[in-house]
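The values are calculated or read from the model by the stated rules, or taken from the named source; none is laboratory data. Given the structure is predicted, the values throughout are model-derived calculations rather than measurements. Positions of Cβ are backbone-derived with ideal geometry, glycine not excepted, and every protein chain shown enters the neighbour counts. Just the protein is used for accessible areas: all its heavy atoms, side chains included, with ligands, DNA and RNA removed. Shrake-Rupley method; radii C 1.70, N 1.55, O 1.52, S 1.80 Å.
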Amino acid sequence: MPASVNAVVVGGCLLSFTQQVSSQDQEDIQDCLLYAELAANEKYPGQVSRKAWFDYFQGRLIKAGYRLKTIVPADPIRVTSVRQLLSASYSVIGHLGVERLSKLLEDTYQALRLDEFAWDFFRGNVANGGSGILKCAPCERLASGEVVVCLLGLRYSATVIESDFFLWSEFDRELAIIPGGGVFVFDRRAFENYRKRVHEKIEAYSNKVFVRKLQS
């Protein structure tokens, strides 16, 4: 991976940062996204692929100190391969006016060979008639000092059968993906008043999950 890029998977979201984003901001953004995911799972258990889940997820981010600037248009994207899916993701982000973040996401996927990761993700879910959401969030610090997070969620629900000869590149039919998300400004001052509560919520949700596993 390029030295100027740092990437981490938080919950079900791939986060990537340029080197201008401070370590404290990176940590806080990760905590916010984890909190939002745990809160949405608690509110809508087993409904991660539903619009209501993703809307609630974004609402928790706003409550914790994110400010929405631009909304991702929810126009369905039709693809027949993971390559097309990733290319469409870069295009969606680029069209939001954050071309640098589109390039950051592309560099991250290529460096981590996430085309193969994405295909495994779809093999395990879509091929069996499943549904879900694939989330990514490239982040950068602007010259103005603002830290922007471009959250992209790709929701899908379809039945796709694997082709024996193209296991790593193709679906046997067209797959419809519904994008969502937006460009958010991370307001570190607002988060200062919410950091303790976010940490408490993460611990509480994590403890609940741990207890459920012990009881199962």
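Open to solvent by 10 Å² or more (accessible area, probe 1.4 Å) and of a type in the set (Phe, Trp, Tyr): is that true of TYR35 in this structure?
no
Note on the stretch 91-101: among residues that are open to solvent by 20 Å² or more (accessible area, probe 1.4 Å) and part of a helix (DSSP H, G or I), the one that is modelled with the lowest pLDDT is GLU99.
Name the residue that is farthest from SER102 (Cα to Cα), counting only residues in the stretch 177-200 that are among the hydrophobic types (A, V, I, L, M, F, W, C) and open to solvent by 10 Å² or more (accessible area, probe 1.4 Å). Result: ALA190.
Restricting attention to the stretch 193-210, does a residue exist that is assigned to a helix (DSSP H, G or I), over 22 Å from the mean Cα position of the chain (by Cα) and modelled with pLDDT under 55? If you could, list the steps in order and put the result at the bottom.
Our first condition is that a residue be assigned to a helix (DSSP H, G or I); within the stretch 193-210, this holds for 195-210.
Those still in the list that are over 22 Å from the mean Cα position of the chain (by Cα) too: 196-197, 200, 204, 207-208, 210.
Now narrow it down to the ones that are modelled with pLDDT under 55: 210.
Looking through the stretch 193-210, at least one residue is assigned to a helix (DSSP H, G or I), over 22 Å from the mean Cα position of the chain (by Cα) and modelled with pLDDT under 55.
Comparison of TRP119, TRP168 shows that the only residue that is under 13 Å from VAL82 (Cα atoms), at pLDDT below 65 and assigned to a loop (DSSP other than H, G, I, E, B) is TRP168.
Going through the stretch 18-32 one residue at a time, which ones are more than 19 Å from LYS196 (Cα to Cα) and open to solvent by less than 60 Å² (accessible area, probe 1.4 Å)?
Of all residues in the stretch 18-32, those more than 19 Å from LYS196 (Cα to Cα) come to 18-22.
Across the stretch 18-32, the qualifying residues are THR18, VAL21, SER22.
When residues of the stretch 47-79 are filtered for being within 22 Å of GLU192 (Cβ to Cβ), touching a Phe, Trp or Tyr at 6+ places or on another chain (Cβ under 7 Å) and crowded, with 18+ Cβ neighbours inside 10 Å, how many remain? Total satisfying the criteria: 5.
State yes or no: is ASP75 over 15 Å from the mean Cα position of the chain (by Cα), of a type outside the set (Ser, Thr, Tyr) and part of a loop (DSSP other than H, G, I, E, B)?
yes
Given LEU15, LEU104, LEU85, which one is surrounded by 19 or more Cβ atoms within 10 Å (Cβ to Cβ), farther than 16 Å from VAL183 by Cβ and not small (Gly, Ala, Ser)? It would help to see each step written out before you state the result.
Values: LEU15 fails: farther than 16 Å from VAL183 by Cβ; LEU104 fails: farther than 16 Å from VAL183 by Cβ.
Result: LEU85 is the single residue among LEU15, LEU104, LEU85 that is surrounded by 19 or more Cβ atoms within 10 Å (Cβ to Cβ), farther than 16 Å from VAL183 by Cβ and not small (Gly, Ala, Ser).
Within the stretch 81-90, one or more residues are out of contact with any helix residue (DSSP H, G or I) (no Cβ under 7 Å at 6 or more places or on another chain), more than 12 Å from LEU154 (Cβ to Cβ) and assigned to a loop (DSSP other than H, G, I, E, B).
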